[in-house]
């Protein structure tokens, strides 16, 4: 408590003391005089702890800090400017921007850190804590102590503690150094690792404890990397799942091989783009993506129904011809889109709530849109399972697949069921297109990259088994991402393809095969 | 009416086949003697076709022994089993529709089966005479040049039997040979099968009890994948268990 | 074709007409380089463009023949035959690269330019021997054959048929494309091989070399055609048709289906490899784009358009589709992909027996 009060007092002193006031005013003329003087002025501003220094340093960082011919320092605001010392408007004519070099930049970083550490804005303080941590300078110890004492947000407190440890490690006190090493060891970040390595190089007597800390960091880094690989694999797996689910219906359940499936995915992505463009400037614009989901589904489902009724149904029982025919349809669709929208990529903007990175427990980073795709993939999967199990169409679909003649004699209009089933599978491809528009380039050949992988997923998981498709997609996604660091993305893909071919040797019908008489047909 | 005593050519013991928990064959045992003619009857789903599948290597048994002479059939694939001397006629006549009847018989003809041997294959006058002889036996002499796809159902049945003869197997498995045949043809078939037996073993699966009676051989009744009864046609027709299965309750 | 039958008279005349047409076509093809030597103002003069494009199409026709042997007869629809073609092309490309010698940009006596650029110190082991023409030609057959043997063995043994096999072969060519795009594979990465100088002592950019390559391609086409005919007319041809129509029934007759399919698949891959080997010096470049799945499936459509199961049909298809392509890509490039896609649809729906089906009324094999 005593210490706390003391710190508050110190801080107060720092903020308001005449020395600081003087420091602020005295520092200004140095800015822009020479690189050396600019740097020391920046350091002074940082050490002053004066909040008035913050906008000046930020302006310096943004390149809007000007130095007039008479040595006054101005904050540029477009064409106008204000005097940095007084805040009064001032003409900017003839004023030159204050230039930076690396030394000034590094001084600027720690000075900004120093000032921002005490900022009223929590995100600014967190960023500052990170900056101060990275600078790992012993000069900051006092400042960090002060900030730590005032800090109330636990996450920032944690950052400050690390920053303090980094600063102490650069200091002179032996016991503090030892403690700092342990603290940094627990941090388990690459930055902490670098700081420790630097300290080890600087002071050989610390080698032993630092090595212990380094092993700890390496272990937790490895763990985190594994977790991140897993999450990335899961996210790739969900993409594959979305792309393959439609195939699992059209190919797996109906036995119709649709090589235009990739183009249906591409149509879904373009439908998303169209919805976005249609809603641009309207109040619904932020909701373009959710609204694109039904739109993409309906558009691709309609194209699918047309394809089935117009062409595919004439080729039932001739899978190789169906394959070639649908490939041709895919080419036509691709070329039509290329002529209609141009060959270049179209941009689909992620809504704000899908942007940014999410920090999962354990320091695992994950972009928001990946998380949404995983959720979307699982949701669509559950909906498909439910649709097949619990709806009338699902029941009729299963009946027609099992025994078309008997289904027909029971009054099921098999042609209609075929068309609807195919439309359903195609619509799912459209949904995959909505998802892919968030992470991939929306271009006419968007689908070609996914079609072979999707077929592999269906074959690997077991034709006709939705659960197999789920497991197959996630497994392939994760295996791909696990192999990538060792083999590179391309060879990883090659390995997976080869592995699937070998796997089919042992289980020709895939992971979750239908057995018995039904599978013979 | 069993053939040579104690000289089994086909030996099934404790054979079970399970599909997803459904027992298509349940601890089935069956012995066919060399030169024997045997009829297998049983209601739908009794496991007759599955039994054929197991013998010809199409289906692997979950448990049990299947031997043909000294060969363990569970370790061989369809082609190897066929080469050993087991020929099969399918329930639904199956042949190569794009080829002529002559070509179908030629393919079935016992000869080296490798790709290079087939490439070098020259039709010898003796083989041609044999094909023409079989064609006469099955009454297809005038249709030898026609594609199998255009033949009638009965003619296809005959053609497949002809292919079986060309294969010259030791054991013939014949699945419902007389479906779609006229009474006269049925009689002819029974006659043919009786003649073939003696030199070879023949196992006939049939629904048509009149036909089975005409064969005049030992009958095995299958039900729910197991043997229900065995003996002469009169014996099994009077077996109360068989009557129950066929007539119910 | 069997001696037991007498062909129906109209079938006989149709076949005779077809044979005469074929002879005429071969004669015309054989004359092209000769006509090319005529003075430019002669009415019968044939331009260099026609000769070089003709030579290219002939190699395409060989590829189509190879695909037809596997697909039309044995029912193996390979969507990866472009890979065999490209591998043969790469084997020839490696030979041509070795022949550049010190004439490359870097003037290295042994290493091709791209290897010098990438900092190779010596030739990778798999490049050894490619300076010898017979070895390179052998590899143009052996490497595709070996790949077909491995893929075919794995696939046929586990009875992967129909569309599954098609997808696996497509995955194969896709994987090879990705692999060949990599610089560290030692095959020139993205750019592949180009800037060839000579072959068998002939500078490649001369009319003489063009004519020699043209006749070599034509000879390959005729030899492959005779070989395929021989197979089609033999009992093996009938076994293959039987496998195509009822694979499992063939097994019950005692034929080892895996062996027969492997035989025809490997042979077909080797023919495709040789076609690729003759294609590369005529177009002057080989790069990983040749492995793209689109190329393979385009070659399949040549066969479908011409008429699968008919060897002449396959050749006819290769020529006619490529003629359409050459014409359309100069007249209206945007329309070509519509036309190609439309061909896929039209042929499968309306002309299942292809152009050749228009000639003969009765269905053969």
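All but one of (1) farther than 24 Å from residue C:50 by Cβ; (2) within 14 Å of another protein chain (Cβ to nearest Cβ); (3) part of a helix (DSSP H, G or I); (4) in contact with a helix residue (DSSP H, G or I) (Cβ under 7 Å, 6 or more places away or on another chain) hold for residue C:301, so report the exception by its number. Single failed check for residue C:301: (1). Can you tell me which residue within the stretch A:337-346, out of those that are touching a helix residue (DSSP H, G or I) at 6+ places or on another chain (Cβ under 8 Å) and within 20 Å of residue A:434 (Cβ to Cβ), is surrounded by the most Cβ atoms within 10 Å (Cβ to Cβ)? Top of the filtered list is A:337.
Looking at residue A:66, is it outside any loop (DSSP other than H, G, I, E, B) and closer than 30 Å to residue A:187 by Cα? Taking the combined requirement at face value, the residue does not satisfy it.
Within the set C:274, C:349, the sole residue that is free of Cβ contacts under 8 Å to residues at least 12 places away in the same chain and either farther than 22 Å from residue A:448 by Cα or away from chain A (no Cβ under 14 Å) (or both) turns out to be C:349.
Residue B:123 - would you say it is touching a strand residue (DSSP E or B) at 6+ places or on another chain (Cβ under 7 Å) and either surrounded by fewer than 23 Cβ atoms within 10 Å (Cβ to Cβ) or more than 9 Å from chain C (Cβ to nearest Cβ) (or both)?
Here the answer is no, as residue B:123 does not meet what is asked.
What about residue A:309, is it out of contact with any strand residue (DSSP E or B) (no Cβ under 8 Å at 6 or more places or on another chain) and assigned by TED's automatic domain parsing to the domain that holds residue A:432? Considered against the rule, which asks whether it is out of contact with any strand residue (DSSP E or B) (no Cβ under 8 Å at 6 or more places or on another chain) and assigned by TED's automatic domain parsing to the domain that holds residue A:432, residue A:309 comes out as yes. Looking only at residues in the stretch A:282-328 that are within 7 Å of another protein chain (Cβ to nearest Cβ) and surrounded by fewer than 23 Cβ atoms within 10 Å (Cβ to Cβ), the one that is nearest to residue A:245 (Cα to Cα) is A:319. Kindly establish whether residue A:336 is within 14 Å of another protein chain (Cβ to nearest Cβ), farther than 30 Å from residue A:468 by Cα and modelled with pLDDT under 85. When the stated conditions are applied, residue A:336 does not pass them.
Of C:75, C:101, all but one fail to be surrounded by fewer than 24 Cβ atoms within 10 Å (Cβ to Cβ) and modelled with pLDDT under 85; the exception is C:101. Of the numbered criteria (1) in contact with a strand residue (DSSP E or B) (Cβ under 8 Å, 6 or more places away or on another chain); (2) within 14 Å of chain B (Cβ to nearest Cβ), the one residue C:281 fails is (2).
Do you know which residues across the stretch B:84-100 are more than 7 Å from every other protein chain (Cβ to nearest Cβ) and either in a helix (DSSP H, G or I) or under 20 Å from residue B:25 (Cβ atoms) (or both)? Of everything in the stretch B:84-100, those that are more than 7 Å from every other protein chain (Cβ to nearest Cβ) and either in a helix (DSSP H, G or I) or under 20 Å from residue B:25 (Cβ atoms) (or both) turn out to be B:84, B:86, B:90, B:91. Number of residues in the stretch B:105-120 that are more than 8 Å from chain C (Cβ to nearest Cβ) and either assigned to a helix (DSSP H, G or I) or closer than 19 Å to residue C:244 by Cβ (or both): the value is 2. Just one of the listed residues (C:32, C:63) is over 22 Å from residue C:195 (Cβ atoms), modelled with pLDDT under 90 and part of a helix (DSSP H, G or I), and it is C:32. Residues that are farther than 17 Å from residue B:221 by Cα and either in a loop (DSSP other than H, G, I, E, B) or more than 14 Å from chain C (Cβ to nearest Cβ) (or both) within the stretch B:34-60 comprise B:34, B:35, B:57, B:58, B:59, B:60, listed in sequence order.
When each of C:244, C:238, C:210, C:251 is tested for being touching a helix residue (DSSP H, G or I) at 6+ places or on another chain (Cβ under 8 Å), more than 12 Å from every other protein chain (Cβ to nearest Cβ) and buried (at least 19 other Cβ atoms within 10 Å of the Cβ), the lone residue that passes is C:210. Scoring residue A:484 on the criteria (1) in a helix (DSSP H, G or I); (2) within 20 Å of residue C:163 (Cα to Cα); (3) at pLDDT below 85 leaves a single failure, condition (2). When every residue of the stretch C:209-221 is checked against the conditions, none turns out to be farther than 30 Å from residue B:113 by Cβ, in contact (Cβ under 8 Å) with a residue 40 or more places away in the chain and not in a helix (DSSP H, G or I).
The lone criterion from (1) surrounded by 15 or more Cβ atoms within 10 Å (Cβ to Cβ); (2) modelled with pLDDT of 85 or more; (3) in contact with a helix residue (DSSP H, G or I) (Cβ under 8 Å, 6 or more places away or on another chain) left unmet by residue B:181 is number (2). Does residue B:81 count as in contact (Cβ under 8 Å) with a residue 24 or more places away in the chain, within 30 Å of residue B:221 (Cα to Cα), part of a helix (DSSP H, G or I) and at the interface with chain C (Cβ under 10 Å from one of its Cβ atoms)? Spelling it out, residue B:81 is indeed in contact (Cβ under 8 Å) with a residue 24 or more places away in the chain, within 30 Å of residue B:221 (Cα to Cα), part of a helix (DSSP H, G or I) and at the interface with chain C (Cβ under 10 Å from one of its Cβ atoms). Could you please let me know if residue C:136 is more than 10 Å from every other protein chain (Cβ to nearest Cβ) and more than 25 Å from residue C:121 (Cα to Cα)? When the stated conditions are applied, residue C:136 does not pass them. Could you tell me whether any residue of the stretch B:134-151 is touching a helix residue (DSSP H, G or I) at 6+ places or on another chain (Cβ under 7 Å), outside the structural domain of residue B:43 (by TED's automatic domain parsing), free of Cβ contacts under 8 Å to residues at least 24 places away in the same chain and assigned to a helix (DSSP H, G or I)? The answer is yes, given that some residue of the stretch B:134-151 is touching a helix residue (DSSP H, G or I) at 6+ places or on another chain (Cβ under 7 Å), outside the structural domain of residue B:43 (by TED's automatic domain parsing), free of Cβ contacts under 8 Å to residues at least 24 places away in the same chain and assigned to a helix (DSSP H, G or I).
The values are calculated or read from the model by the stated rules, or taken from the named source; none is laboratory data. Treat the numbers as computed from the prediction; the structure is a model and nothing was measured. Don't worry about glycine lacking a Cβ; one is built from the backbone with ideal geometry, like all the others, and counts go over all protein chains shown.
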